[in-house]
Amino acid sequence: MDIIKRILAYSGKYRKKLISAVILLTLLIAVNLLTPHISRIIVDDVVEGGRRQLLPVLLALLLLASLTKGAALYLRSCLFESYAQDCLYDLRNDMYTHLQGLPFSYYDNNRVGELMSRMTGDLEGIRIFLSAGIPILLENAVYFIGTTIILFIMNARLAVITLSVMPLIAYGAYRFNRFIRPRFNEIREQQAVLNTAAQENIAGVRVVKAFAREQYEIEKFDAENDKNREFQIKASKLWGNYFPVMDFLSSAALVIMIWAGGRMVGAGQLSLGTIVAFNGYLWMLIMPMRMLGWIMNMMAQAITSGRRVFEVLDTGSTIREKENPHNPEDFQGEVTFKNVSFRYRQQLVLKDLDFHVPAGSTVAIMGATGSGKTSIINLILRFYDRSEGEVLIDGVDVKDWNLRRLRSETGIIMQDTFLFSDTIEGNILYGKTDADREEVIQAAKMADAHEFIMEMPMGYDTIVGERGVGLSGGQRQRIAIARAIIKNPKILIMDDCTSAVDMETEHKIQTALKELQESRTTFIIAHRVSSVRNADMILMLENGRIVERGNHQQLMEAKGLYYNMVKQQYKDFDNINWDEVAGRDENYAAAVRQKGTEQARRKVKVI
């Protein structure tokens, strides 16, 4: 019942609407409870008593009651549905807002399809409970209490005899609720698995087709769909076993009433009109008994859905701001790591990192895949919290910073380029929503994206499709670069953001970014030496540790890991004297002459 209470807690703002709906529900019930009494008067006073002058009045009352019931039923349904939608609106917003505040680690452990299932199917289960379940529950509770009282007032002896089967019905409902709830838990969990399978397949349909794995995916989905069917059938079997028993017991009450009531009418202990009215009220009592299983069924679904929704809402963020976070007027962009270590899922990713990046300087981070390069960026932006040490921005621990301010002053071009299903301009404006078209074009030119954008049918108004599917990998990267540039951040982070473009395009982008980098702190994560050569400092990572640091010339002269990486990347240029290339600029010409090809000229130029 704690789940039901939490669901109903969303009713507070809409109390007036709920009260109005309940009043209409009460009016509807009152009219229904009056109808059998009118039937009793017609039988006893008009048919048997001969007072036929009452018949038109009584029939008019029945007609009026029918019209009132119709109007009340319509308004009640509208108000309850409106109330349910209002509550669901708040709950859905709370859930979505909460998801926005959860850290990366939460999404690392929860699949998109699972979360979508909670945002859709589970919220719909709650809506059904609010719009249909509550009125039916209230209606049947009032009918049960009201008709029971009326039956005892009319004839206590007949009421006791008729209601003798009620304990059996109550026990049956308890047993049903006990067994049906685990079945609904299974159904909801399996539907989430099914949604995840469908979502992943659709999102990765190009990979599926590229590897001709359609049949495998069909079989995998079929297996999960079969499980879903089995769980649904199990729940239906429970319902199928329960409902006939409840229906039999409810009908048994009617048989008992007719048998006992008939004997009492024959003995002159009860009027015929009273037994007719008793029969009408009994049907009002039988209906709640028959609906009891459906009500339990619906509540079990609502509780299951509510539990899954509140599991998300109860998940606290591990990334929390302090009460009065640091939010200065001036933001410089100085970054310092002091003995920083970071563990992810108990695995040591970074170990004892210690470096200082002055504001306005450029630092490159290089290393093999899995060496911890991106983890450094994640700690700067506080997507994750370090395990040990300190990460400082302008001398202040990132844990003390206002998160929105910290991230608003940072522009990041992620390794995994993500574009929204929007126009090209809309995607660039995501970095600065109040920018004008001229700023958009300027950012696109700096990212070497303007030319290909203008070649598209609608230019900057071209819809790129979901995740930018209508563009090549290089085009997506350049739009992502423009999105970061237009933000004009104090800290610019480029996480292998030119990996999908050719070297000439990369050189153009780097040339355009040089002016931008002069006034801001820049982090470059790259595998290409050409991307990092001009950095003020290059950090070489190996197994989460800094093994070399210095600028390009210093590291080339050291002939360590960086030197070997340069040689490996340009091993085709066997005639180049790498000691000369590591030296003065005038030696580049000699290196170019040694190779002599246009390809060599371009490649050595960016070296």
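The values are calculated or read from the model by the stated rules, or taken from the named source; none is laboratory data. The shown structure was predicted, so the numbers you read here are calculated from the model rather than taken from an experiment. All Cβ positions, glycine included, derive from the backbone under ideal geometry; neighbour counts span all protein chains shown.
Miscellaneous remarks
- Residues located in the range 145-175, provided they are more than 24 Å from VAL245 (Cβ to Cβ) and touching a helix residue (DSSP H, G or I) at 6+ places or on another chain (Cβ under 9 Å): GLY146, ILE150, PHE152, ILE153, MET154, ASN155, ARG157, LEU158
- For ARG15, the requirement of being over 21 Å from MET154 (Cα atoms) and either in a helix (DSSP H, G or I) or of a type in the set (Val, Ile, Thr) (or both) is met.
- For the criterion of being closer than 22 Å to TRP283 by Cβ and either touching a Lys or Arg at 6+ places or on another chain (Cβ under 7 Å) or surrounded by 18 or more Cβ atoms within 10 Å (Cβ to Cβ) (or both), LEU158 passes.
- Test result for ASP314, surrounded by fewer than 17 Cβ atoms within 10 Å (Cβ to Cβ), of a type outside the set (A, V, I, L, M, F, W, C) and in contact (Cβ under 8 Å) with a residue 60 or more places away in the chain: no
- So ARG405, is it within 28 Å of the chain's Cα centre (by Cα), assigned to a strand (DSSP E or B) and over 29 Å from GLN553 (Cβ atoms): no
- When the helices (runs of 4 or more DSSP H) confined to the range 96-156 are screened for residues that are more than 20 Å from the chain's Cα centre (by Cα), those reaching at least 3 such residues are found at 134-154.
- Criterion violated by THR417 - all others in (1) assigned to a loop (DSSP other than H, G, I, E, B); (2) touching a residue at least 24 places away in the same chain (Cβ under 8 Å); (3) over 23 Å from LEU379 (Cα atoms) satisfied: (3)
- Contact annotation: residue pairs with Cβ atoms under 6 Å, 6 or more positions apart or on different chains, pairing a residue in the range 244-259 that is closer than 11 Å to ILE169 by Cα with a partner that is of a type in the set (Lys, Arg), are SER250/ARG290.
- Test for ASP247: is it among the charged types (D, E, K, R), more than 30 Å from TYR96 (Cα to Cα) and part of a helix (DSSP H, G or I): yes
- Top-ranked residue in the range 374-396 [being under 15 Å from SER341 (Cα atoms) and acidic (Asp, Glu); ranked as surrounded by the most Cβ atoms within 10 Å (Cβ to Cβ)]: ASP385
- Checked across the range 115-122, the condition of being more than 19 Å from GLU311 (Cβ to Cβ), of a type in the set (A, V, I, L, M) and surrounded by fewer than 18 Cβ atoms within 10 Å (Cβ to Cβ) holds for no residue.
- Some residue of the range 48-56 being farther than 30 Å from ASN378 by Cβ, outside any helix (DSSP H, G or I), among the charged types (D, E, K, R) and more than 20 Å from the chain's Cα centre (by Cα): yes
- Checked across the range 329-337, the condition of being surrounded by fewer than 16 Cβ atoms within 10 Å (Cβ to Cβ) and touching an Asp or Glu at 6+ places or on another chain (Cβ under 7 Å) holds for no residue.
- Residue check, LYS237 within 30 Å of GLN517 (Cβ to Cβ), outside any loop (DSSP other than H, G, I, E, B) and not polar (S, T, N, Q): no
- A single entry from LEU270, LEU292 fulfils the requirement of being buried (at least 17 other Cβ atoms within 10 Å of the Cβ), modelled with pLDDT under 90, out of contact with any Phe, Trp or Tyr (no Cβ under 6 Å at 6 or more places or on another chain) and closer than 21 Å to ALA235 by Cβ: LEU292.
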